[in-house]
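Have a look at the structure below before the remarks.
Just so it is clear, none of the values below were taken in a lab; they were calculated from the coordinates. Only a predicted model underlies this, so the values are computations on that prediction, with no experimental measurement involved. We place every Cβ from the backbone using ideal geometry, glycine too, and count neighbours over all the protein chains shown.
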Amino acid sequence: MKRRETIIVMLVVSIATIFVSGLQAEAKSKMQKQSFGKTEDGQPVSLYILTNKNGVEAAITNYGGTVVSLIVPDRNGKREDVVLGYDNLDGYATGKAYIGATVGRYANRIAQATFTLDGTTYTLAKNDGDNHLHGGFNKRVWTAKDVSSSAGQALELTYLSKGGEEGFPGNLPVKVVYTLTDENELRIDYTATTDKDTVLNLTNHAYFNLAGQGNGDILQQQIMIRADRFTPIDATSIPTGELRSVKGTPFDFTKMTAIGARIDQDDQQLKLGRGYDHNFVLNGDTMRALFLAAQGYDPHSGRLLEVLTTEPGIQLYTGNFLDGIHGKDGKVYNRRYAFCFETQHFPDSPNHPNFPTTELKPGQHFQSTTVYKFSTK
């Protein structure tokens, strides 16, 4: 009898353990959702809060597929928000700096807002002087879905970019999945298809300050970029087509270097960009597997950012045109208060046959992954 009772007790405990584990797994998959306001035409917008077991937190809105905040610890465990942003939807609706947004159809610039594909010339929206810059995905309301799994809390965002939007050909269903892992990684997976030959270049435009958003400039923060070459620009920030060696120039970040160490040197490229606003040609074949492309480090807080990507390029932008933007928590963002690591194909690739192609054809599946991983040292 005692043996039978023992077996029953063991069964009960096992069933309870399975039940509790199930509840824990379910709890882990439940991200927070809250209202983030409405657009001018009345569309409701939400804010989704992803967390991991370490207390790292990413807040993402389905307006523009935008990273609103990213809270990570320093070497002493103090948590701080390390990306620029706004307190409410209105900031994103009226803002012009693409802060935190998913940008497309074409990240970065296309010269004269035109390109030719299959013998047809397409004219795009001119939103950067005579050029096209980034596109309008950052001003769209995306459809959101919780797709959390054992890999971490995950938010799926989808959007249908219809043929002719901003001048681009082809209906383009786009999916972006943000996953926050227990390894303190914010992983971004992009996928897309098309029903007509088109061009596509997607990235995220997070502005990082590893000392905390709004906490001064980033000139003493250090970066490394695994790139032996970069693409020089003309006076309108369009690549000339040259792939220039970084050796002996202020663009050599092959070793950890303070962002401000050479940013004001007497260099024509720095003058054209008012600092760094250039695409770097990543070393190796980055089109097949995740690759450590870049690092950022704040010596004061000890926060280390590693950027892994499948993309062939990365744009370093040092907030040269931030002009007193009023951001979160009453903070003001002045010039060079953040830096961007925008993983991408090269700017103006449709007009440079020597650059990696950005063409997407029916039957093909666009896939791209970028990971922002945080740690301390």
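The Cβ shell under 12 Å around Thr203 holds other residues with a net charge of -1, Lys and Arg each +1, Asp and Glu each -1.
Glu166 sits among other residues whose Cβ lies under 13 Å from its own Cβ, and their net charge, with Lys and Arg +1 and Asp and Glu -1, is +3.
Its DSSP H runs of at least 4 residues, each contributing -39,500 (n - 2.57), put the calculated 222 nm mean residue ellipticity of the chain at -3500 deg cm²/dmol, to the nearest 500. For His365 and Lys78, the FRET efficiency from 1/(1 + (r/R0)^6), where r spans their Cβ atoms and R0 equals 35 Å, is about 0.25.
Here the spin labels are modelled as points 7 Å beyond Cα on the Cα-Cβ line, and at Gln220 and Arg244 they lie 3.1 nm apart.
Our compactness index for the chain, the C-alpha radius of gyration over the empirical 2.2 N^0.38 Å, is 1.06.
On the basis of the beta-carbon distance and an R0 of 45 Å, Asp87 and Thr120 show a calculated FRET efficiency of 0.55. Calculated FRET efficiency, Ser375 to Thr236, Cβ-Cβ distance, R0 = 35 Å: about 0.35 to the nearest 0.05. For the pair Gln43 and Thr257, the difference between a 0.36 nm per residue extended length and the Cα-Cα distance amounts to 72.6 nm.
Projecting label points 7 angstrom from Cα along Cα→Cβ for Asn283 and Thr94 puts them 4.7 nm apart. Only alpha carbons enter this Debye calculation for region 180-301, each as an equal point scatterer, and the log10 of I(q)/I(0) it gives at q = 0.17 Å⁻¹ is -1.11. If you take all other residues with their beta carbon under 13 Å from the beta carbon of Asn62, and give Lys and Arg +1 and Asp and Glu -1, the sum is +4. Converting phi to 3J(HN,Hα) with the Karplus coefficients 6.51, -1.76 and 1.60 and the offset θ = phi - 60°, region 175-186 yields 10, 10, 10, 9, 10, 9, 9, 6, 8, 6, 10, 9 Hz in sequence order, with x at every glycine or proline.
Modelled spin labels at Arg335 and Thr143, positioned 7 Å past Cα toward Cβ, are 4.5 nm from each other. Taking the alpha-carbon centroid of each part, what is the distance from region 213-230 to region 351-365 in angstrom? Taking the Cα centre of each part, region 213-230 and region 351-365 sit 30 Å apart. Between the helical axis of 2-29 and the longest alpha-carbon principal axis of the chain there is an angle of about 20 degrees.
Under 5 Å from the amide H of Leu360 lie the amide H atoms of Thr198, Val199, Leu200, each residue being 5 or more positions distant or on a separate chain, with H modelled from the backbone and absent for Pro and chain starts.
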